[in-house]
(Lines give C-alpha, C1' and ligand atoms only; values in the text may rest on other atoms or scores of the structure.)
Protein backbone atom coordinates (compact mmCIF):
# COMPACT_ATOMS: atom_id res chain seq x y z
CA UNK A 1 0.00 0.00 0.00
CA UNK A 2 1.73 3.11 -1.25
CA UNK A 3 -0.57 6.10 -1.09
CA UNK A 4 0.10 9.62 0.09
CA UNK A 5 -3.21 11.47 0.37
CA UNK A 6 -3.70 15.19 0.50
CA UNK A 7 -6.52 14.62 2.97
CA UNK A 8 -7.91 11.94 5.23
CA UNK A 9 -11.65 11.62 5.80
CA UNK A 10 -12.93 9.59 8.73
CA UNK A 11 -16.28 8.04 9.35
CA UNK A 12 -16.96 8.28 13.09
CA UNK A 13 -18.90 5.45 14.73
CA UNK A 14 -17.13 2.12 14.43
CA UNK A 15 -14.21 3.83 12.69
CA UNK A 16 -12.76 6.28 15.21
CA UNK A 17 -14.44 4.73 18.23
CA UNK A 18 -15.52 1.11 18.66
CA UNK A 19 -19.11 1.76 19.67
CA UNK A 20 -21.42 0.04 17.19
CA UNK A 21 -22.47 -2.59 19.74
CA UNK A 22 -23.77 0.22 21.95
CA UNK A 23 -25.71 1.76 19.06
CA UNK A 24 -27.20 -1.64 18.25
CA UNK A 25 -28.27 -2.15 21.86
CA UNK A 26 -29.90 1.28 22.03
CA UNK A 27 -31.72 0.77 18.71
CA UNK A 28 -32.87 -2.71 19.70
CA UNK A 29 -34.27 -1.32 22.95
CA UNK A 30 -36.08 1.53 21.20
CA UNK A 31 -37.40 -0.47 18.25
CA UNK A 32 -38.55 -3.63 20.00
CA UNK A 33 -39.54 -2.41 23.46
CA UNK A 34 -40.68 1.17 22.93
CA UNK A 35 -41.98 0.93 19.36
CA UNK A 36 -43.01 -2.78 19.44
CA UNK A 37 -41.31 -3.73 16.18
CA UNK A 38 -41.00 -7.48 15.74
CA UNK A 39 -37.28 -7.62 14.99
CA UNK A 40 -34.36 -9.75 16.05
CA UNK A 41 -31.09 -8.22 17.14
CA UNK A 42 -29.57 -9.19 13.77
CA UNK A 43 -32.51 -7.54 11.98
CA UNK A 44 -31.75 -4.33 13.82
CA UNK A 45 -28.04 -4.45 12.97
CA UNK A 46 -28.84 -4.82 9.26
CA UNK A 47 -30.83 -1.58 9.34
CA UNK A 48 -28.10 0.43 11.05
CA UNK A 49 -26.84 2.64 8.26
CA UNK A 50 -27.67 6.15 7.15
CA UNK A 51 -29.62 8.71 9.13
CA UNK A 52 -31.78 7.78 12.10
CA UNK A 53 -34.80 9.10 10.22
CA UNK A 54 -33.98 6.88 7.24
CA UNK A 55 -33.73 3.84 9.51
CA UNK A 56 -37.15 4.52 11.02
CA UNK A 57 -38.69 4.91 7.56
CA UNK A 58 -37.12 1.65 6.37
CA UNK A 59 -38.54 -0.22 9.36
CA UNK A 60 -41.99 1.38 9.76
CA UNK A 61 -42.78 3.03 6.42
CA UNK A 62 -42.74 6.60 5.19
CA UNK A 63 -45.82 7.99 6.91
CA UNK A 64 -45.76 6.10 10.21
CA UNK A 65 -44.13 8.94 12.20
CA UNK A 66 -44.15 12.71 11.86
CA UNK A 67 -40.83 14.50 11.45
CA UNK A 68 -41.10 15.74 15.03
CA UNK A 69 -41.72 12.22 16.33
CA UNK A 70 -38.71 10.88 14.44
CA UNK A 71 -36.53 13.66 15.83
CA UNK A 72 -37.69 12.84 19.36
CA UNK A 73 -37.05 9.11 18.88
CA UNK A 74 -33.62 9.86 17.45
CA UNK A 75 -32.56 12.01 20.40
CA UNK A 76 -33.87 9.48 22.92
CA UNK A 77 -31.94 6.69 21.19
CA UNK A 78 -28.73 8.76 21.26
CA UNK A 79 -29.19 9.61 24.94
CA UNK A 80 -29.43 5.91 25.79
CA UNK A 81 -26.37 5.16 23.65
CA UNK A 82 -24.35 7.95 25.26
CA UNK A 83 -25.23 6.93 28.81
CA UNK A 84 -24.13 3.36 28.14
CA UNK A 85 -20.99 4.16 26.13
CA UNK A 86 -19.53 7.16 28.01
CA UNK A 87 -17.57 5.05 30.55
CA UNK A 88 -15.95 3.19 27.60
CA UNK A 89 -15.41 6.19 25.33
CA UNK A 90 -11.93 6.19 23.80
CA UNK A 91 -10.28 6.31 20.39
CA UNK A 92 -9.51 3.03 18.65
CA UNK A 93 -5.97 1.89 19.40
CA UNK A 94 -3.32 3.90 17.54
CA UNK A 95 -5.64 6.64 16.29
CA UNK A 96 -4.54 9.27 18.81
CA UNK A 97 -0.94 9.00 17.59
CA UNK A 98 -2.02 9.02 13.94
CA UNK A 99 -4.12 12.17 14.39
CA UNK A 100 -1.23 13.97 16.08
CA UNK A 101 1.27 13.02 13.36
CA UNK A 102 -1.06 13.94 10.51
CA UNK A 103 -1.84 17.27 12.20
CA UNK A 104 1.87 18.03 12.65
CA UNK A 105 2.51 17.27 8.99
CA UNK A 106 -0.38 19.50 7.87
CA UNK A 107 -2.37 16.67 6.33
CA UNK A 108 -5.95 17.89 6.14
CA UNK A 109 -8.51 15.82 8.04
CA UNK A 110 -12.30 15.80 8.09
CA UNK A 111 -15.13 13.77 9.59
CA UNK A 112 -17.95 12.60 7.31
CA UNK A 113 -20.56 10.78 9.35
CA UNK A 114 -24.20 9.76 9.26
CA UNK A 115 -24.38 10.70 12.93
CA UNK A 116 -26.29 13.76 14.11
CA UNK A 117 -24.30 16.68 15.61
CA UNK A 118 -25.49 15.66 19.10
CA UNK A 119 -23.43 12.46 18.80
CA UNK A 120 -20.45 13.92 16.95
CA UNK A 121 -20.08 16.62 19.60
CA UNK A 122 -20.33 13.96 22.31
CA UNK A 123 -17.24 12.25 20.89
CA UNK A 124 -15.14 15.25 19.86
CA UNK A 125 -15.66 17.25 23.03
CA UNK A 126 -15.27 14.39 25.51
CA UNK A 127 -12.08 13.23 23.77
CA UNK A 128 -10.81 16.79 23.09
CA UNK A 129 -9.93 16.10 19.45
CA UNK A 130 -11.94 18.76 17.62
CA UNK A 131 -8.81 20.77 16.74
CA UNK A 132 -7.59 18.07 14.34
CA UNK A 133 -10.45 18.42 11.87
CA UNK A 134 -10.80 21.13 9.25
CA UNK A 135 -14.38 20.12 8.42
CA UNK A 136 -17.17 18.07 9.94
CA UNK A 137 -20.10 16.81 7.87
CA UNK A 138 -23.02 15.31 9.78
CA UNK A 139 -26.40 13.81 8.96
CA UNK A 140 -27.86 17.31 9.15
CA UNK A 141 -25.59 18.53 6.35
CA UNK A 142 -26.65 16.14 3.57
CA UNK A 143 -29.90 15.44 1.78
CA UNK A 144 -29.31 11.69 1.42
CA UNK A 145 -27.01 9.62 3.59
CA UNK A 146 -24.57 6.83 2.73
CA UNK A 147 -24.22 5.07 0.30
CA UNK A 148 -24.93 8.34 -1.50
CA UNK A 149 -21.51 10.03 -1.94
CA UNK A 150 -22.62 13.49 -0.78
CA UNK A 151 -21.21 13.19 2.76
CA UNK A 152 -17.72 12.51 1.39
CA UNK A 153 -17.77 14.87 -1.58
CA UNK A 154 -19.01 17.67 0.67
CA UNK A 155 -16.20 17.02 3.16
CA UNK A 156 -13.63 17.15 0.35
CA UNK A 157 -15.09 20.39 -0.96
CA UNK A 158 -15.06 22.00 2.48
CA UNK A 159 -11.37 21.30 2.95
CA UNK A 160 -10.57 22.31 -0.63
CA UNK A 161 -9.28 19.06 -2.11
CA UNK A 162 -10.34 16.81 -4.99
CA UNK A 163 -12.01 13.52 -4.22
CA UNK A 164 -9.22 11.51 -5.85
CA UNK A 165 -6.73 13.00 -3.39
CA UNK A 166 -8.63 11.78 -0.32
CA UNK A 167 -8.46 8.51 1.51
CA UNK A 168 -11.44 7.39 3.57
CA UNK A 169 -11.41 5.35 6.75
CA UNK A 170 -14.61 3.33 7.15
CA UNK A 171 -15.96 0.32 9.02
CA UNK A 172 -19.15 -0.48 7.09
CA UNK A 173 -19.96 -1.74 3.58
CA UNK A 174 -22.41 1.11 2.94
CA UNK A 175 -19.70 3.58 3.91
CA UNK A 176 -17.20 1.99 1.56
CA UNK A 177 -19.83 2.07 -1.18
CA UNK A 178 -20.33 5.77 -0.47
CA UNK A 179 -16.58 6.35 -0.79
CA UNK A 180 -16.55 4.41 -4.07
CA UNK A 181 -19.40 6.55 -5.36
CA UNK A 182 -17.30 9.60 -4.46
CA UNK A 183 -14.33 8.09 -6.36
CA UNK A 184 -12.30 7.75 -3.16
CA UNK A 185 -10.11 4.90 -1.95
CA UNK A 186 -10.96 3.36 1.42
CA UNK A 187 -9.24 1.60 4.29
CA UNK A 188 -11.53 -0.59 6.36
CA UNK A 189 -11.28 -0.86 10.14
CA UNK A 190 -12.63 -4.31 10.99
CA UNK A 191 -14.40 -3.39 14.23
CA UNK A 192 -17.87 -4.23 12.96
CA UNK A 193 -17.59 -6.10 9.66
CA UNK A 194 -15.20 -8.68 8.26
CA UNK A 195 -13.29 -8.69 4.97
CA UNK A 196 -15.70 -11.07 3.22
CA UNK A 197 -18.47 -8.46 3.53
CA UNK A 198 -16.61 -6.06 1.22
CA UNK A 199 -15.90 -8.33 -1.75
CA UNK A 200 -18.04 -6.29 -4.16
CA UNK A 201 -16.03 -3.10 -3.64
CA UNK A 202 -12.81 -2.50 -5.58
CA UNK A 203 -11.87 0.76 -3.84
CA UNK A 204 -10.67 -0.93 -0.62
CA UNK A 205 -6.88 -0.79 -0.40
CA UNK A 206 -6.42 -2.36 3.04
CA UNK A 207 -8.17 -4.01 5.97
CA UNK A 208 -6.76 -3.25 9.42
CA UNK A 209 -7.76 -4.17 12.95
CA UNK A 210 -6.78 -0.78 14.34
CA UNK A 211 -4.53 2.21 13.68
CA UNK A 212 -1.40 0.56 15.08
CA UNK A 213 -1.04 -1.41 11.83
CA UNK A 214 2.39 -0.65 10.35
CA UNK A 215 0.92 -0.25 6.86
CA UNK A 216 -0.80 2.94 7.95
CA UNK A 217 2.53 4.66 8.55
CA UNK A 218 2.90 4.84 4.79
CA UNK A 219 0.06 7.32 4.39
CA UNK A 220 1.73 9.92 6.61
CA UNK A 221 5.10 10.67 5.03
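The values are calculated or read from the model by the stated rules, or taken from the named source; none is laboratory data. Being a predicted model, the structure only gives us computed values, none of them experimental. We place every Cβ from the backbone using ideal geometry, glycine too, and count neighbours over all the protein chains shown.
Tabulated results
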quantity: Which listed residue, of 154, 146, 164, 174, is under 20 Å from residue 118 (Cα atoms) and in a helix (DSSP H, G or I); calculated: 154
quantity: From the options 165, 171, residue that is surrounded by fewer than 19 Cβ atoms within 10 Å (Cβ to Cβ) and touching a strand residue (DSSP E or B) at 6+ places or on another chain (Cβ under 8 Å); calculated: 165
quantity: Residue tally, condition under 20 Å from residue 164 (Cα atoms), surrounded by 12 or more Cβ atoms within 10 Å (Cβ to Cβ) and out of contact with any helix residue (DSSP H, G or I) (no Cβ under 7 Å at 6 or more places or on another chain), over segment 195-214; calculated: 1
quantity: Members of segment 97-112 found to be over 20 Å from residue 218 (Cβ atoms) and touching a helix residue (DSSP H, G or I) at 6+ places or on another chain (Cβ under 6 Å), listed by number; calculated: 110, 112
quantity: Whichever residue in segment 42-56 is in contact with a helix residue (DSSP H, G or I) (Cβ under 8 Å, 6 or more places away or on another chain) and either free of Cβ contacts under 8 Å to residues at least 12 places away in the same chain or over 22 Å from residue 189 (Cα atoms) (or both) and, among such residues, is surrounded by the fewest Cβ atoms within 10 Å (Cβ to Cβ); calculated: 53
quantity: Selection from segment 86-96 of residues that are surrounded by 13 or more Cβ atoms within 10 Å (Cβ to Cβ) and either touching a helix residue (DSSP H, G or I) at 6+ places or on another chain (Cβ under 6 Å) or in a helix (DSSP H, G or I) (or both); calculated: 89, 95, 96
quantity: Hits in segment 115-141 (condition: assigned to a loop (DSSP other than H, G, I, E, B), under 16 Å from the mean Cα position of the chain (by Cα) and over 23 Å from residue 6 (Cα atoms)); calculated: 115, 116
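Residue by residue, here is whether (1) part of a loop (DSSP other than H, G, I, E, B); (2) more than 22 Å from residue 129 (Cβ to Cβ); (3) in the same structural domain as residue 132 (by TED's automatic domain parsing); (4) under 16 Å from the mean Cα position of the chain (by Cα) holds:
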| site | (1), (2), (3), (4) |
| --- | --- |
| 31 | no, yes, no, no |
| 36 | yes, yes, no, no |
| 48 | yes, yes, no, yes |
| 55 | no, yes, no, yes |
| 58 | no, yes, no, no |
| 63 | yes, yes, no, no |
| 69 | no, yes, no, no |
| 99 | no, no, yes, no |
